[in-house]
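The values are calculated or read from the model by the stated rules, or taken from the named source; none is laboratory data. What you see is a predicted model, and the numbers here were worked out from it, not measured in a lab. Please note: Cβ atoms are built from the backbone with ideal geometry, for glycine as well, and neighbour counts cover all protein chains shown.
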Amino acid sequence: MNGANGLFNSTTLDVIVGLVFVYLLLAIMCTTINEWLDGMLKIRSSKLASAINQLLDAQPDASGNKDWFLQQFYAHPLITGMLAPGKSGGKAYPSYLPARTFATAVMDIATPGKPGSIAFPDLESGIKALPEGDVKTALLALIQNARGDLGRAQANIESWFDDTMDRASGWYKRRTQMATVVIAVVLTVAANADTIGIVRTLWKNPTQRAVLVEQAQKRSGEEAQETVRVKYENKDKPLQPTSIRKVSKDELDTLSGVLGWRKDTANPDGWGWTERVLGWFLTMVAVSLGAPFWFDILSKLVNIRNAGKKPAASEPTPGAASRGGPAQGAPNAQAA
């Protein structure tokens, strides 16, 4: 155990903790930038609108207006209540729509002559009365196995919507991953986040290493308050993210000691550039793994580091052992 404790308290572990902490902060920055671009370009809401259009745009009315059903959908009170005011006075599409809301609006549009509560025969008759179109065909297929149960029919329509949203979410996730890689490349080069150089600095500079480790311990032990949206696990609560704080000013100041274009790093020789590009590449790959990954790794490393220090503080003195006290490592009954 002494050998293990020696490793836990070693410079090597502190360097690893510091490096992982740097990766975590850079990954949070990437996520924050990605979220900012997403909000500015309204990518999530535009993808949702495209998915809904794909479901509902091929259903005309009696006059031949092919977008009739889609227009009725966006004019429905359940949907208009979720539209945010747009910059030009119009309405902006929502970034999320519950499946139940979608199904309820669709069923209401399909039964215009039945205000209030409806039964399964009302829904079936309303769908059959629609002009020929893709939405009518899809809805008839969805209610076929409902066995006259309105609740089951609604569940089928909700599943139809969810399946489409799963495909849209897959596209959104791939787009987010690609954007994260691009942002990681730009951020890494701009900040000169060279993994090899960071390790070298932490190994040679105990003061900088201690500052980073202290900040890492502080972050891993704090409760998250201000958050960035790094991961969405519950589709019914899409804006409830994994709680990871944004990078604080103190943490940014700490990074300045290991990142940046300083005079001593601005003009390396030929081999120095090769080493730097390799260090950049390692950082880009690491940062692309995401903030939740590095937060989990950091928490485990800090726990290991802290656990390694406790036995050393509680070891009995040699004199206590020679007087017939409990052997080293034996439980202390009084303390227990």
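Tell me, yes or no, whether the stretch 134-148 has at least one residue that is touching a Gly at 6+ places or on another chain (Cβ under 8 Å), buried (at least 18 other Cβ atoms within 10 Å of the Cβ) and within 27 Å of residue 62 (Cβ to Cβ). No. Looking at the stretch 23-109, none of the helices (runs of 4 or more DSSP H) lying wholly inside it contains 3 or more residues that are charged (D, E, K, R), over 30 Å from residue 202 (Cβ atoms) and not assigned by TED's automatic domain parsing to the domain that holds residue 213. The set of residues in the stretch 30-47 being among the aliphatic types (A, V, I, L, M) and at pLDDT 85 or above consists of 33, 37.
A count restricted to the stretch 270-281 and to residues that are under 14 Å from residue 259 (Cβ atoms) and either out of contact with any Pro (no Cβ under 8 Å at 6 or more places or on another chain) or hydrophobic (A, V, I, L, M, F, W, C) (or both) stands at 2.
Can we say residue 109 is crowded, with 18+ Cβ neighbours inside 10 Å, over 21 Å from residue 48 (Cβ atoms) and among the β-branched types (Val, Ile, Thr)?
Numbers: crowded, with 18+ Cβ neighbours inside 10 Å: yes; over 21 Å from residue 48 (Cβ atoms): no; among the β-branched types (Val, Ile, Thr): yes.
Taking the combined requirement at face value, the residue does not satisfy it.
Per-residue answers, yes or no, for (1) within 24 Å of residue 117 (Cα to Cα); (2) outside the structural domain of residue 34 (by TED's automatic domain parsing); (3) modelled with pLDDT of 95 or more; (4) among the hydrophobic types (A, V, I, L, M, F, W, C):
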| residue | (1), (2), (3), (4) |
| --- | --- |
| 132 | no, yes, no, no |
| 137 | yes, yes, no, no |
| 140 | yes, yes, no, yes |
| 144 | yes, yes, no, no |
| 160 | yes, yes, no, yes |
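Residue-by-condition table, conditions (1) at pLDDT 90 or above; (2) within 14 Å of the chain's Cα centre (by Cα); (3) outside the structural domain of residue 137 (by TED's automatic domain parsing); (4) within 21 Å of residue 251 (Cα to Cα):
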| residue | (1), (2), (3), (4) |
| --- | --- |
| 152 | yes, no, no, no |
| 155 | yes, no, no, no |
| 200 | yes, no, yes, yes |
| 212 | yes, no, yes, yes |
| 218 | no, no, yes, yes |
| 221 | no, no, yes, yes |
| 225 | no, no, yes, yes |
| 232 | no, yes, yes, no |
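Per-residue answers, yes or no, for (1) surrounded by 15 or more Cβ atoms within 10 Å (Cβ to Cβ); (2) in a helix (DSSP H, G or I); (3) touching a strand residue (DSSP E or B) at 6+ places or on another chain (Cβ under 7 Å); (4) in contact (Cβ under 8 Å) with a residue 40 or more places away in the chain:
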position	(1), (2), (3), (4)
173	no, yes, no, no
185	yes, yes, no, yes
200	yes, yes, no, no
207	no, yes, no, no
210	no, yes, no, yes
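Look through 10, 50, 63 and report the one residue that is modelled with pLDDT of 80 or more, surrounded by fewer than 16 Cβ atoms within 10 Å (Cβ to Cβ) and under 27 Å from the mean Cα position of the chain (by Cα). Testing whether each residue is modelled with pLDDT of 80 or more, surrounded by fewer than 16 Cβ atoms within 10 Å (Cβ to Cβ) and under 27 Å from the mean Cα position of the chain (by Cα) leaves just 50.
Of all residues in the stretch 119-133, those that are out of contact with any Asp or Glu (no Cβ under 7 Å at 6 or more places or on another chain), surrounded by fewer than 18 Cβ atoms within 10 Å (Cβ to Cβ) and part of a loop (DSSP other than H, G, I, E, B) total 3. Residues that are over 20 Å from residue 100 (Cα atoms) and touching a Pro at 6+ places or on another chain (Cβ under 9 Å) within the stretch 131-152 comprise 131, 132, 133, listed in sequence order.
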